[in-house]
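Here's the structure, in structure tokens; my notes come after.
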Amino acid sequence: MEQGSGFNTLLAPFSPPEWTAILLSLKVATIGAAASLPFGVAIAYLLARRSFPCKTLLNGLVHLPLVMPPVVTGWLLLLGFGRQGPFGRAFESCCGLVFSFRWTGAALAAAVMGFPLMVRAIRLSIEAVDARLEQAAQTLGAPAPMVFATITAPLALPGIVAGLILAFARAIGEFGATITFVANIPGETQTIATAIYSATQIPGGEAGAARLTIVAILIAFAALVAAEILAARVSREAMDQ
Amino acid sequence: MISIEARHRQGDFALEASIRAKGATLALCGPSGAGKTTLLNIVAGLSRPRDGRVEVNGAVLLDTSVGLDLPPRRRRVGYVFQELRLFPHLKVEANLLYGRRFAPEDGPSVDFDQAVDLLGLGPLLTRWPARLSGGEKQRVAIGRALLANPRILLMDEPLAALDDARRMEILSYIEKLRDVFAIPIVFVSHRLSEVERLASDIAVLDHGRVVETRSLQ
């Protein structure tokens, strides 16, 4: 390929399939991160503030997707949430929600893979909230859910948002678990990452792969910068008090 | 009437105290490490003694002999912590009102305007806690505890962090509280001079034991 034409195709507008992959990636990552947030906050709170048996086990389970090969996570999702899997069947019969080979499955894979990062960021920010303020709220009559809603959560908010952004960024980059669980179907489950993989598999696909790579870098970088700014705000506020 | 009995062990520290105050204002004195704050925490329910009983004007908050141990939020104690613990993300007015939504609707209620007036909090209502002086923070912390309609006020070294002028000012605010709202007060102090001016009963603690009790009435 000539250098000139390569550069031109790099600047060419996105083709409809590329747009589809970009928009699907954003949808999958946004919904995956947002849907896992309540679980992430609950588990981060348990790990930060409560002591209970098997706490180490829970902590380990949460972090497992971070250290396991993503293909293993994807395979386990297929076993559990595939149409024949116990959870997959339960979701399909109770609310008609199907995961396997659908974009919803890509969102689930994204949520699971981003979960350790989300829980970690939120847990740290909850641990940074002065527990004595929570005690003060208790002496003023607040029941535990109100203490969390009015004291802990607002003070940990920058960390909660940072956790959400990190999970989103991780979801944009998700590849292994997604392709194992929901394959690489254009228009349904093909995200930026799997579209780049497809592009590199066909002759002359390098320019398309490069364009999508730049998009992936831009989204991930913007998310990380946002998370970093929020983290800096948390530590600054901690020093103010 | 305030009655506190506690046997408590925390690492090397052993607390064994039995205090009965007939009057409405009990002062706990003694050197640091004597167990004064631990006693306040036991009254508030933030520390649980091995054995103990806490009663305030006929309401039993803790009685380990019958397995009674009200959680802090049900004890209705207004605790002014030594380090104040104002909520940094809420303005003064929201700090003051925090306990009000949880207070029982029946029963005596401390009037907001009256309390704000008495503690001189009017000009501070829209400010952030971080922007207040030491004496102002102290008054907001007292107001927040008072406005939760407590059955008792606990004050941990309410004057320790202040200079002499502020100390006299806060002292007179606490005197007004005692006289206007008629809420029993337990306060911790290591200075006998301020204790004698405020207290109806004094208990001196040392190494976790009551070494002297006095009634000034």
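The values are calculated or read from the model by the stated rules, or taken from the named source; none is laboratory data. Nothing here was measured: the structure is a model prediction, and the numbers come from that model. As a convention, Cβ positions derive from the backbone with ideal geometry for all residues, glycine included, and neighbour counts pool all protein chains shown. In case anyone asks, the SASA skips ligands and DNA or RNA and just uses the protein heavy atoms, side chains included. Shrake-Rupley method; radii C 1.70, N 1.55, O 1.52, S 1.80 Å.
Could you pull out the residue among A:132, A:123 that is open to solvent by 40 Å² or more (accessible area, probe 1.4 Å) and either more than 14 Å from chain B (Cβ to nearest Cβ) or touching a residue at least 24 places away in the same chain (Cβ under 8 Å) (or both)?
Just a single option satisfies the conditions, and that option is A:123.
So, in the range A:140-176, how many residues would count as being under 30 Å from residue A:74 (Cβ atoms), open to solvent by 30 Å² or more (accessible area, probe 1.4 Å) and among the small types (Gly, Ala, Ser)?
1
On the given criteria, is residue A:137 free of Cβ contacts under 8 Å to residues at least 40 places away in the same chain and surrounded by 24 or more Cβ atoms within 10 Å (Cβ to Cβ)?
The answer is yes for residue A:137.
Inside the range A:122-210, counting only helices (runs of 4 or more DSSP H) that do not spill past its ends, which hold 1 or more residues that are over 30 Å from residue B:103 (Cα atoms) and at pLDDT below 90?
It comes to A:153-173.
Just a yes or no: is a residue in the range B:153-167 closer than 20 Å to residue B:97 by Cα, within 14 Å of chain A (Cβ to nearest Cβ), open to solvent by less than 20 Å² (accessible area, probe 1.4 Å) and of a type outside the set (A, V, I, L, M, F, W, C)?
No, the range B:153-167 contains no residue that is closer than 20 Å to residue B:97 by Cα, within 14 Å of chain A (Cβ to nearest Cβ), open to solvent by less than 20 Å² (accessible area, probe 1.4 Å) and of a type outside the set (A, V, I, L, M, F, W, C).
Every residue in the range B:86-107 that is assigned to a loop (DSSP other than H, G, I, E, B) and either open to solvent by 60 Å² or more (accessible area, probe 1.4 Å) or at the interface with chain A (Cβ under 7 Å from one of its Cβ atoms) (or both), please.
B:87, B:88, B:89, B:91, B:103, B:105, B:106
Considering only residues that are within 14 Å of chain A (Cβ to nearest Cβ), open to solvent by 20 Å² or more (accessible area, probe 1.4 Å) and part of a loop (DSSP other than H, G, I, E, B), which ones fall in the range B:61-85?
B:70, B:71, B:76, B:82, B:83, B:84, B:85
List the strands (runs of 3 or more DSSP E) inside the range B:171-217, counting only whole elements, that have at least 2 residues being in contact with a Gly (Cβ under 8 Å, 6 or more places away or on another chain) and crowded, with 20+ Cβ neighbours inside 10 Å.
Counting at least 2 such residues, we get B:201-206.
Every residue in the range B:9-60 that is among the hydroxyl-bearing types (Ser, Thr, Tyr) and surrounded by fewer than 23 Cβ atoms within 10 Å (Cβ to Cβ), please.
B:18, B:32, B:37, B:38, B:47
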